[in-house]
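Q: Supplied in structure tokens, the structure appears directly below.
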């Protein structure tokens, strides 16, 4: 791991001036802290993916298959036919540059190849040469270049410096979506066995065991039991959590990050308390024990392989509908891919909240409801007893996760929940929230240790907006609806904005929720004394 | 350098009719044959490109959502930026195509010491783009008076409206001033802003120069080296009625203007200018965000190898039983 410069140093050295040399003549530089370790051969083998081997991006020889150019060429051709998005996005960019300063990695690094337009040109330049008339006639004048191993290395560097957050796509006059381009580039790289282990290992784990973190079923149960003990200690209420229960009404799917580490675990406790309190007939599954889907960061095929488990398990258990917990990229998959890939889910019913009678028409085909849609409905219908003063020590702002914001539009549901469970809520500046939200800097499988410098750079715009509300409004909590955020934002806050903690929305719900038969609470879910109960 | 290549190219394009139609006097070639070929290439090329895009599948419905989704009845949906119906998506496209809505969102990031980042409003690019595209459109429509007889009222009216300033003889068209200003702005920002200069290709400068040259040659003809419109209209009407003749008395300046327009037409379908057609096909904009309501079909969806529950239970049965988790087979 590289040594991370101090935040003062880092911010001061960002230089937005591009180099003198044309970008095609600037070779990729593999500086520690800017790239992630490659996928380990055993993980590739577990998924039957090509070219498993030990290698490092700093090697001269990446041990590519002999016919690697042909593989890329054919893979590209295949995807141009399969994805109109790719074809149109390759052709219509006018390089107006509106996207340039919308990318958090460009803002944090100044590297021109992190401007979305240039990131896409890395691919386009090769496309032009091989697939367009102009490129064939005009050659370099058309902005095209040949496919060399240096190009492949550059692709690896920069398509793993993109978190697929889609902020640039919002500002593009043609809606060119760098996430789509990055996804295609990563698919192509994967054909050669080029990928990163922080994506590959979770996918292998999830495929084989059932969740990204490789937590086996009995350990899942141990963790849940442990959380229930904590809940009992804090609230005096004993709860049971159904696992793999056939005939339950609702299958609940959470990202594994939420039952693996703090502060996600507090959010998970919030889910458990809520589900218990309302008496929902639900179950978790230890087979489909992952809401997230790092397959999204490899290829549509890997995404589909992992995602298939959820409908399969829902059908086996005979549930009526699915409730999905707080996770960002998970909801990209659930909202935009799941039904198309693995549907139709016609063995289930249109989701209906049994406590309020609300029918979730917006999920009538996919049959999966976001937990903040669900909880906001409970609150609106006065089903819950809430005491927001138990969050009085918390002054929170809300980070819109990229995917719920820009691939779904889940904006007001979490805000409604937060404002009903917490008296102190402050918005960050308008240009940094809702659909214009900034990435945590660690999405799309880049939340690993060795990538820390780029994470801190990419997270700078988000952290800077938090700093604004910390300094002006004494905000001390950054709430979010994403498990990657809950893992990635704490180090980001510590680096740029000390004094701000990170929590999930349902942690705040858990704190405020008055449960039947509960004792007088002394602490919040973190074991911190409640206001007025100190000492 | 890229800016220079394109300049040389456009100058060379001007030289062609200067020599061909001017010095050599090949008026039939430059007045009739090349325009027919250019229009044919433009039309066929445009259709070819659209069809080629259209033939690629749209496997997933992937709109970039720009506002609140359709949710509870008591949460207000942003129906234009996050449409859930076809009508909403059409509305979003209309705003995008006619008003450049996404570009209107543009901001400019500033990095102050601290660090302190700010994102100010930056509408100049939007304004430049709107000014350029709309003045170009008006100019094209104004030119319809060369291809119609009698000239329909709307085209006449457009000409009158465009010349409303009534300055000079003939009176100056507003669009001529606006398009020159917009072209200059679009060019200057490419040269002046370091990041833009860095990403600009010859293909970014070339159409700017070409259109600039077309406008200038048009202005020269109208105000400075007056060309007799009667002859030009004879030529253009001959072309549209497919009985082309080349009247004498048309100066070389007209042939330059015409040849540059033909160059633009020929270049158009193979270049980034096809954003005119492509913007309609962009899957992040032209689809409704109704994935969970209405299943989208992927035409090439294929079965994949999955780890089934049965396999998984076989691997974990003892652990499951020990933990008291129900199993299918004891």
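The values are calculated or read from the model by the stated rules, or taken from the named source; none is laboratory data. Quantities reported herein were computed from a predicted structural model and do not represent experimental measurements. FYI the Cβ positions are ideal-geometry reconstructions off the backbone, even for glycines, and counts take in every protein chain you see.
Q: Evaluate region A:151-167: report whether one residue or more is touching a residue at least 12 places away in the same chain (Cβ under 8 Å), out of contact with any helix residue (DSSP H, G or I) (no Cβ under 9 Å at 6 or more places or on another chain) and assigned to a helix (DSSP H, G or I).
A: So in region A:151-167, the residues touching a residue at least 12 places away in the same chain (Cβ under 8 Å) come out as A:151-167.
Now drop any that are not out of contact with any helix residue (DSSP H, G or I) (no Cβ under 9 Å at 6 or more places or on another chain), which leaves A:153.
Filter once more, so that each one left must be assigned to a helix (DSSP H, G or I): A:153.
Checked against the condition, which is being touching a residue at least 12 places away in the same chain (Cβ under 8 Å), out of contact with any helix residue (DSSP H, G or I) (no Cβ under 9 Å at 6 or more places or on another chain) and assigned to a helix (DSSP H, G or I), region A:151-167 yields at least one hit.
Q: Right, something else. Can you tell me which of A:418, A:371, A:379 is under 24 Å from residue A:521 (Cα atoms) and touching a residue at least 60 places away in the same chain (Cβ under 8 Å)? Let's see the steps before the verdict.
A: Values: A:371 fails: under 24 Å from residue A:521 (Cα atoms); A:379 fails: touching a residue at least 60 places away in the same chain (Cβ under 8 Å).
The unique qualifying residue is A:418.
Q: Check off (1) in a loop (DSSP other than H, G, I, E, B); (2) without any contact (Cβ under 8 Å) to a residue 24 or more places away in the chain; (3) touching a helix residue (DSSP H, G or I) at 6+ places or on another chain (Cβ under 8 Å) for residue B:300 and give me the number that stays unchecked.
A: Failing condition for residue B:300: (2).
Q: Give the residue that is surrounded by the fewest Cβ atoms within 10 Å (Cβ to Cβ), with candidates limited to residues of region A:40-55 that are in a loop (DSSP other than H, G, I, E, B) and under 25 Å from the mean Cα position of the chain (by Cα).
A: Step one: of region A:40-55, the residues in a loop (DSSP other than H, G, I, E, B) are A:40, A:47-55.
Still in the list and also under 25 Å from the mean Cα position of the chain (by Cα): A:40, A:47-49.
Working: A:40: 16, A:47: 21, A:48: 8, A:49: 22.
Checking each candidate, the answer is A:48.
Q: While we're looking at this one, here's another question. Go through (1) in contact with a strand residue (DSSP E or B) (Cβ under 8 Å, 6 or more places away or on another chain); (2) in a loop (DSSP other than H, G, I, E, B); (3) away from chain B (no Cβ under 13 Å); (4) more than 26 Å from residue A:30 (Cα to Cα) one by one and return the number of the condition residue A:440 breaks.
A: Failing condition for residue A:440: (4).
Q: Here is a further query. Mind listing just one residue for me: the one in region B:94-113 that is part of a helix (DSSP H, G or I) and at the interface with chain A (Cβ under 10 Å from one of its Cβ atoms) and, of those, nearest to the chain's Cα centre (by Cα)?
A: Taking region B:94-113 as the starting set, the residues that turn out to be part of a helix (DSSP H, G or I) are B:94-99, B:101-104.
This time we only want the ones that are at the interface with chain A (Cβ under 10 Å from one of its Cβ atoms), so: B:96-97, B:101-104.
On the way: B:96: 12, B:97: 9, B:101: 14, B:102: 14, B:103: 13, B:104: 16 Å.
The extreme case among them is B:97.
Q: Exactly one condition in (1) assigned to a helix (DSSP H, G or I); (2) surrounded by 22 or more Cβ atoms within 10 Å (Cβ to Cβ) is not met by residue A:322; state its number.
A: (1)
Q: Restricting attention to region A:523-535, and to residues there that are without any contact (Cβ under 8 Å) to a residue 24 or more places away in the chain and either touching a helix residue (DSSP H, G or I) at 6+ places or on another chain (Cβ under 9 Å) or part of a loop (DSSP other than H, G, I, E, B) (or both), which single residue is farthest from residue A:477 (Cα to Cα)?
A: Let us first name the residues in region A:523-535 that are without any contact (Cβ under 8 Å) to a residue 24 or more places away in the chain, namely A:529, A:532-535.
Remaining after also requiring either touching a helix residue (DSSP H, G or I) at 6+ places or on another chain (Cβ under 9 Å) or part of a loop (DSSP other than H, G, I, E, B) (or both): A:532-535.
Working: A:532: 19, A:533: 20, A:534: 19, A:535: 22 Å.
Residue satisfying both the conditions and the ranking: A:535.
Q: Among the numbered criteria (1) under 30 Å from residue A:10 (Cα atoms); (2) within 8 Å of chain A (Cβ to nearest Cβ); (3) touching a residue at least 12 places away in the same chain (Cβ under 8 Å), which single criterion is violated by residue B:120?
A: (2)
Q: Would you point out which residue out of B:62, B:47, B:41, B:37 is crowded, with 16+ Cβ neighbours inside 10 Å, more than 9 Å from chain A (Cβ to nearest Cβ) and either more than 21 Å from the chain's Cα centre (by Cα) or modelled with pLDDT of 95 or more (or both)?
A: Numbers: B:62 fails: more than 9 Å from chain A (Cβ to nearest Cβ); B:47 fails: crowded, with 16+ Cβ neighbours inside 10 Å; B:37 fails: crowded, with 16+ Cβ neighbours inside 10 Å.
Checking each option against the conditions leaves just B:41.
Q: Take the residues of region A:71-92 that are farther than 14 Å from residue B:281 by Cβ and at the interface with chain B (Cβ under 7 Å from one of its Cβ atoms): which is surrounded by the most Cβ atoms within 10 Å (Cβ to Cβ)?
A: Taking region A:71-92 and keeping what is farther than 14 Å from residue B:281 by Cβ, we get A:71-79, A:81-82.
Still in the running and at the interface with chain B (Cβ under 7 Å from one of its Cβ atoms): A:81-82.
Values: A:81: 13, A:82: 19.
By that ranking, first place goes to A:82.
Q: Any idea which of (1) assigned to a helix (DSSP H, G or I); (2) within 10 Å of another protein chain (Cβ to nearest Cβ) is the one residue A:144 doesn't satisfy?
A: Every listed condition holds for residue A:144 apart from (1).
Q: Moving on. Yes or no: region B:303-311 includes at least one residue that is part of a loop (DSSP other than H, G, I, E, B), facing chain A (nearest Cβ under 7 Å), crowded, with 18+ Cβ neighbours inside 10 Å and touching a helix residue (DSSP H, G or I) at 6+ places or on another chain (Cβ under 9 Å).
A: The answer is yes; a qualifying residue exists.
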